[in-house]
Amino acid sequence: MTALNRSTRRRLQQLKQIPSVWEGDRRRLITSQELELMKPDASVAPEGDCILWVDGSQGMVRAMDVVTPETGPEAVVRTLIRAMEHPHNPGMPARPKKIVVRDRELQFFLRGVLQDLDITLDYVPELPLIDEIFRGLQDAISTRPPQLPPEYAEDLLGKAYEIWQDAPWEVLADHEIISIELNHWDVGTLYASVMGMLGMEYGILFYRSLDSLKQFRQRAISQESLEQMQEAFLGQDCLFVTFETDNDDAEDGMMGLRQLPSSDEVEPVFGNLHPLEGLRSFLYNEEAATLLVTLEAMHRFMRQHRQKFHNDAFPPVSSRYRIPIPGAGSDGGDNQNETDQLSIKVATLPDLANELLDMEGDDEDELDLNLPAVRDDLVPENSFLSLGMVPWEVLEMLRSGAEYYQPMDVTQAGDGLPVIMIQTSRPKAKTLIQELQGAGGLQSICFNPGEDPFEGDRYDIGLFQTGNGDLHLFGEFGEDDPTHVAARKKWDQRCKKTKGYCGLIVAKGLTGAARGNPQFKDMLALFETRALSAKDLGLGTLQLRAVF
């Protein structure tokens, strides 16, 4: 059985011990969809397990985690250690006098792990405080609306997959807007903006007004601050369907998917955006009915006129379709009365497309032409990456012993040369070295600030600049990641001592015993280069660009 190492035990023993009784448990969470499917004789697999540690004496949650059902009992210990050392507010770091659990196997497991910590461990048949918390959690899950109203779910998914097969993003850019006149469910005209021609995200936004569409595009183009972009994003007024996929492979490593995955590999996601509601990832009945009819109209329009949009053409085209109102009539087929159908006009808006394109202006075109290409196809996937330092004496050996060496007149100062280490398989390491050589060598290494205006996340972006001027992404590090923050601080200090000289080491042995700690014989290449500051690079803060 895995035991705490000595240093961890000493650290926990130094925590103040309080006369409290803590309750701990791990329980399965059932989703609202699973609750609907559950029958008296059905066995439904849970979506996740929730681990809770609470202070029963003070009536507060100290730590909570959600893990997959396959995760071992060690996860319970990890959450417990966090409950001791880094509890939720307003808790203070402490060690309990007593712990109670309601699972015999967990009791025996914890008994072995917690020895020498002076914590009494008991079994009890019931945990009143945790029972109450879980009832509240499960009630919240069971009362949460489903993502789609049950009466529309199957039809909506079917229409979404039809749109996926239509692939309108192959012939329509995001500024080529299509109007869809419904005049039903208090909706007049929706304006469809197709995402996906750039190969980054696929879907359609159905704006309820042209003002909302224009305002968001204008604010996105103006490259506003993170806070302003978040406000602009949440200020949109639209229904949407997007397509999520786990397929992260790309033929040339550039951002986005070059080959569309099959229908089996994508999952439609529906939702609503409104200035007063923000982002909502589920639909109410009228919204689902509206989107169902709109997708059918879009599908018919693309099937009829798709060939007219080839070669970047966007001519004036309009058609009218009679589409059954969802839920109206007896069979939803051709025998429906006219009162059970909507007459929907679908049309292209070429003048609006030109107007939206003009909003981008010449300045942005010139800026895009002057910026170097940023690629992420250089560093092999699943490589082991680290920031560190190579002592000068080892560096001398590496200069003469590596299979490839890019020299530079390096200033020797401090303990050694600051380096980025990339460890991968030998074939991929060879390819990486050859690609760097073919791109004119490694010109510089830089860390540049980045941000996601939609999620609010900030990053430290690691970039290689090659001799041909291209920038290659080698890492995205959260600005709050303590490990990276410490490593980056040392990197900057060492680069300052060496007058800006640094290096890249490419090593093999990713799957062997040397993983994460390559030996001298594993180091295939040394590239000596310069470290650039973000100011030197002059890119400003890199943003995840909005795709309309």
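The values are calculated or read from the model by the stated rules, or taken from the named source; none is laboratory data. Everything numeric here is computed off the predicted structure, so don't read it as measured data. Don't worry about glycine lacking a Cβ; one is built from the backbone with ideal geometry, like all the others, and counts go over all protein chains shown.
Here are some notes:
- Selected residue (only one of Phe464, Phe477 is in contact with a His (Cβ under 7 Å, 6 or more places away or on another chain), at pLDDT 90 or above and either assigned to a strand (DSSP E or B) or farther than 22 Å from Leu398 by Cα (or both)): Phe464
- Here Glu364 meets each of (1) in contact with a helix residue (DSSP H, G or I) (Cβ under 8 Å, 6 or more places away or on another chain); (2) modelled with pLDDT of 95 or more with one exception, condition (2).
- Arg515 of a type in the set (Lys, Arg), more than 21 Å from Ala402 (Cβ to Cβ) and modelled with pLDDT under 85: no
- Gly441 farther than 20 Å from Leu537 by Cβ and touching a strand residue (DSSP E or B) at 6+ places or on another chain (Cβ under 7 Å): no
- Out of Leu292, Leu279, Leu273, Leu283, sole residue that is part of a loop (DSSP other than H, G, I, E, B) and in the same structural domain as Phe216 (by TED's automatic domain parsing): Leu283
- Cβ separations smaller than 9 Å between residues 6+ apart or across chains give no pair from the range 366-386 residues that are on the phi > 0 side of the Ramachandran plot to residues that are of a type in the set (Asp, Glu) and at pLDDT 80 or above.
- Close pairs from the range 468-488: first surrounded by 13 or more Cβ atoms within 10 Å (Cβ to Cβ), partner basic (Lys, Arg), Cβ under 6 Å, at least 6 apart: His472/Arg375; Glu479/Arg458
- Search result, residues across the range 1-26 that are among the aliphatic types (A, V, I, L, M) and not in a loop (DSSP other than H, G, I, E, B): Leu12, Ile18, Val21
- Residues (more than 27 Å from the chain's Cα centre (by Cα) and surrounded by 23 or more Cβ atoms within 10 Å (Cβ to Cβ)) located in the range 169-179: Glu176, Ile177, Ile178
- In this structure, Ser383 does not satisfy being at pLDDT 90 or above and touching a helix residue (DSSP H, G or I) at 6+ places or on another chain (Cβ under 9 Å).
- The lone exception for Leu148 - which of (1) assigned to a loop (DSSP other than H, G, I, E, B); (2) more than 32 Å from the chain's Cα centre (by Cα); (3) of a type outside the set (S, T, N, Q) it fails: (2)
- Tallying residues that are in contact with a Ser or Thr (Cβ under 6 Å, 6 or more places away or on another chain) and surrounded by 19 or more Cβ atoms within 10 Å (Cβ to Cβ) within the range 381-423 yields 3.
- Of the listed requirements (1) hydrophobic (A, V, I, L, M, F, W, C); (2) crowded, with 16+ Cβ neighbours inside 10 Å; (3) assigned to a helix (DSSP H, G or I), Leu157 misses just one: (2).
- Test: residue in the range 51-61 that is modelled with pLDDT under 95 and more than 19 Å from Ile130 (Cα to Cα): no
- The lone exception for Arg111 - which of (1) of a type outside the set (Asp, Glu); (2) within 14 Å of Trp53 (Cβ to Cβ); (3) out of contact with any Phe, Trp or Tyr (no Cβ under 6 Å at 6 or more places or on another chain) it fails: (2)
- Members of the range 267-306 that are under 17 Å from Leu234 (Cα atoms) and among the acidic types (Asp, Glu): Glu277
- Residue list for the range 160-204, filter: on the phi > 0 side of the Ramachandran plot and either hydroxyl-bearing (Ser, Thr, Tyr) or part of a strand (DSSP E or B) (or both): Asn183, Gly203
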